[in-house]
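Colleague: Handing you a structure now.
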Amino acid sequence: MNALLAEEETIARIDKVGGMIVAGWSPQQTTKMIADEFAHKADVANKAGLSAH
């Protein structure tokens, strides 16, 4: 999987759709990145007055 995610074509395709490659990260690093991203999105939604109702 890491070899595939290191290929230029794969990187370009993931970048094109706004993705982020997290290959080689520990489970803890991945969990923290996801939690941080979720918190950021929740903050943006709250500031925009959006809710999940």
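The values are calculated or read from the model by the stated rules, or taken from the named source; none is laboratory data. Computed from a predicted model, the values in this text were never measured in an experiment. Cβ atoms come from the backbone with ideal geometry, glycine included; neighbour counts cover every protein chain shown.
Colleague: Give me a count of the residues in segment 14-35 that are hydrophobic (A, V, I, L, M, F, W, C), within 11 Å of the chain's Cα centre (by Cα) and part of a loop (DSSP other than H, G, I, E, B).
Modeller: Qualifying residue count, segment 14-35: 3.
Colleague: Does any residue in segment 25-49 that is within 19 Å of Met1 (Cα to Cα) come within less than 8 Å, Cβ to Cβ, of a residue that is modelled with pLDDT under 95 six or more places away or on a different chain, and which pairs are these?
Modeller: Close Cβ pairs (under 8 Å, with a partner that is modelled with pLDDT under 95) amount to Trp25/Met33; Gln29/Val22; Thr30/Val22.
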